[in-house]
């Protein structure tokens, strides 16, 4: 029997008008076995696909401060550059099958087969990149998430091939929108982490497509399954790079949420991504709240806190100087450590923190005064770098941006300018925002309740519960960091990066 | 390398949704394609018109990166047209809130453009938009102030500013004619205030209930 004919023949019998899951199941049970039977098994070491990803930490400073550093950072300055990643799918499909799939089938209907064909045809060659890009575009514009889950290793490999092609052509915009579609189509509710999520954000940051990246970040990703070839690093990177996008778009509060997720991740020892996240979180806390806290979220791993304190020490010093409120000391500290901020890609955030320091000194006058002459504000105003606007222009800008609720009064050109502080009145927009937030919290509560039930009924949880019930006293005291939720599994072999 | 579509073939009244899908094509077109410059010009002005200064800055970076990619080895990447150079300055002035500079550069650029060109039309819209937005700011930020200070925000002369403000109900100060006094704004109706309060009370109850559960 001609294998090629048999797989195409079987394909004809699949009902593509069924649901996405039904089609995926039919392909898995009837078509894929035939293709796998013809395929060549790759043994470890043959390295079908070796993809080199470098410069994985684009800087945020280019989007914020006046200091501009464009492009990505090569090397290990931030410690998160990937080494060569060997992506070795278990098998490579036969050449005849590759051609049959790419020429005779529709990628919208048989995404799984297209994934197999593309990784096999273009995986280890200096093939025609434009042909690869064209085919990958056709696939990702119409990819079925359910079918991608059938061949997770090949799907992950394909996505990295696309990123590599974009880097080779020095065009991060290449296939950016199809990558976004791939991430969104992985699950109907867009809440499942896929190999495309972090990769898309990296490319979007390189391409300065922050607004496009927000289309992915408007969905909360709270489902994670390693069966889909998603790794612990994908979770860290998605939320870290997501925070960088949010910082670029000035959504600082949501950025802090994302960074907190990174800091709470249960890896041991802590990842450099988590350390970078902590540095940014400290600066964002200063910008938003005027104070910092190296106190980690409750669920964070205690083993990591020592590492955090060591690596984030300069940031801690800066934050202490900021909180103390002495501009002379702050300027001294800034002069000492701004090169560290720059090397970490946080110079822009540092500048924003200095601007926030200036703003918060003016805002604090509201606690004491109802009206105050502009001259008095000038006497209290401090521009650390001495290159900003005048006090009057700065105050007017604060009022314009909503950072200060005040009005200006000047009766005549010879009389002093008076700043009249206003009470913040609650408006309809405040109430709308509050309602939206409460609705989001309610939905999150429902998701947590469902997740809690699922974890509570899982075999792993029940067996660990039994173990801890029979364990000697002091078991829960180990490290002091294990809480009630024992989803934390020591045997996973925590990642070292 | 394909050439970019002629800008004059685009609809007369362009919106962001008309311009955004064309960016991938602009990135691949030749850097010396005049239509590409005009496209970026219109796109940048449209973003500024929609108060999307952040995205305009990012577009500028993407544009610069695309030009470096396309013209590597053949042309100086910084050699952009005079108009694009002006729009960069306009964007910088809006970013730094230097409205004196904004109105000055915009006026100069308008004088250099054909009257009926899409660029002139959209730039005039931008100037009006910035003036309107600044007036909204001035009306909530000033109880009274120097005419010259407010004129900077409106991009008008002192006399024109006085006429503009008087139409909106402002008046000159008796003590000093170069100072203007804002009109007294209407207060919220008691009914509206009661509705807001009722809504706030209901949200507070919801929060308390969620805390308890």
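Among the residues here, residue B:119 does not qualify as within 11 Å of chain A (Cβ to nearest Cβ) and modelled with pLDDT under 90. Of the residues making up region A:410-426, those that are surrounded by 11 or more Cβ atoms within 10 Å (Cβ to Cβ), within 9 Å of chain B (Cβ to nearest Cβ) and either under 33 Å from the mean Cα position of the chain (by Cα) or modelled with pLDDT of 80 or more (or both) are A:410, A:411, A:412, A:413, A:415, A:417, A:418, A:420.
Can you work out which of the residues in region A:167-180 that are in contact (Cβ under 8 Å) with a residue 40 or more places away in the chain and under 21 Å from residue B:64 (Cα atoms) is farthest from the other protein chains (Cβ to nearest Cβ)?
Going through the qualifying residues, I end up with A:167.
Could you please find all residues in region A:222-252 being at pLDDT 90 or above and either farther than 25 Å from residue A:345 by Cβ or away from chain B (no Cβ under 14 Å) (or both)? Residues satisfying the conditions are A:234, A:235, A:236, A:237, A:238, A:239, A:240, A:241, A:242, A:243. If you check A:156, A:177 for being over 20 Å from residue A:212 (Cα atoms) and under 23 Å from the mean Cα position of the chain (by Cα), only one passes: A:156.
Could you tell me which residue of region A:372-397 is nearest to the other protein chains (Cβ to nearest Cβ), considering only residues that are in contact (Cβ under 8 Å) with a residue 24 or more places away in the chain and in contact with a strand residue (DSSP E or B) (Cβ under 8 Å, 6 or more places away or on another chain)? Of everything passing the filter in region A:372-397, A:395 is nearest to the other protein chains (Cβ to nearest Cβ). When residue B:123 is tested against (1) assigned by TED's automatic domain parsing to the domain that holds residue B:16; (2) under 30 Å from residue A:371 (Cβ atoms); (3) assigned to a helix (DSSP H, G or I), only condition (2) is not met. Scanning region A:188-211 for residues that are surrounded by 20 or more Cβ atoms within 10 Å (Cβ to Cβ) and not in a helix (DSSP H, G or I) turns up A:192, A:193, A:194, A:207, A:208, A:209. Can you say whether residue A:420 is in contact with a strand residue (DSSP E or B) (Cβ under 6 Å, 6 or more places away or on another chain), outside any helix (DSSP H, G or I), over 27 Å from residue B:199 (Cβ atoms) and touching a residue at least 12 places away in the same chain (Cβ under 8 Å), as far as the supplied structure shows? When the stated conditions are applied, residue A:420 passes them.
The condition (being surrounded by 21 or more Cβ atoms within 10 Å (Cβ to Cβ) and within 13 Å of chain A (Cβ to nearest Cβ)) is satisfied by just one residue among B:47, B:60, B:16, B:41: B:47.
For residue A:163, the conditions (1) in contact with a helix residue (DSSP H, G or I) (Cβ under 8 Å, 6 or more places away or on another chain); (2) modelled with pLDDT of 90 or more all hold with the exception of (2).
Taking the numbered list (1) in a helix (DSSP H, G or I); (2) surrounded by fewer than 15 Cβ atoms within 10 Å (Cβ to Cβ); (3) more than 14 Å from every other protein chain (Cβ to nearest Cβ) in turn, residue B:169 passes all entries but (1).
Checking A:271, A:307, A:293 one by one, the residue that is surrounded by 23 or more Cβ atoms within 10 Å (Cβ to Cβ), modelled with pLDDT under 90 and touching a helix residue (DSSP H, G or I) at 6+ places or on another chain (Cβ under 8 Å) is A:271 and no other.
The residues on offer are A:205, A:193, A:201, and the sole one that is within 13 Å of chain B (Cβ to nearest Cβ) and farther than 18 Å from residue A:134 by Cα is A:205.
When residues in region B:63-93 are screened for being in contact with a helix residue (DSSP H, G or I) (Cβ under 9 Å, 6 or more places away or on another chain), at pLDDT 75 or above and either within 12 Å of another protein chain (Cβ to nearest Cβ) or under 16 Å from residue A:171 (Cα atoms) (or both), 3 of them pass.
In this structure, is residue A:466 within 14 Å of chain B (Cβ to nearest Cβ) and without any contact (Cβ under 8 Å) to a residue 60 or more places away in the chain? For residue A:466, the condition - within 14 Å of chain B (Cβ to nearest Cβ) and without any contact (Cβ under 8 Å) to a residue 60 or more places away in the chain - is not met.
Per-residue answers, yes or no, for (1) more than 14 Å from residue A:415 (Cβ to Cβ); (2) in contact with a strand residue (DSSP E or B) (Cβ under 8 Å, 6 or more places away or on another chain); (3) more than 9 Å from every other protein chain (Cβ to nearest Cβ):
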{"position": "B:141", "(1), (2), (3)": "yes, yes, no"}
{"position": "B:145", "(1), (2), (3)": "no, yes, no"}
{"position": "B:152", "(1), (2), (3)": "yes, no, yes"}
{"position": "B:157", "(1), (2), (3)": "yes, no, yes"}
{"position": "B:165", "(1), (2), (3)": "yes, yes, yes"}
{"position": "B:179", "(1), (2), (3)": "no, yes, no"}
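The values are calculated or read from the model by the stated rules, or taken from the named source; none is laboratory data. Remember, predicted model here, so these are calculated numbers, not experimental data. As a convention, Cβ positions derive from the backbone with ideal geometry for all residues, glycine included, and neighbour counts pool all protein chains shown.
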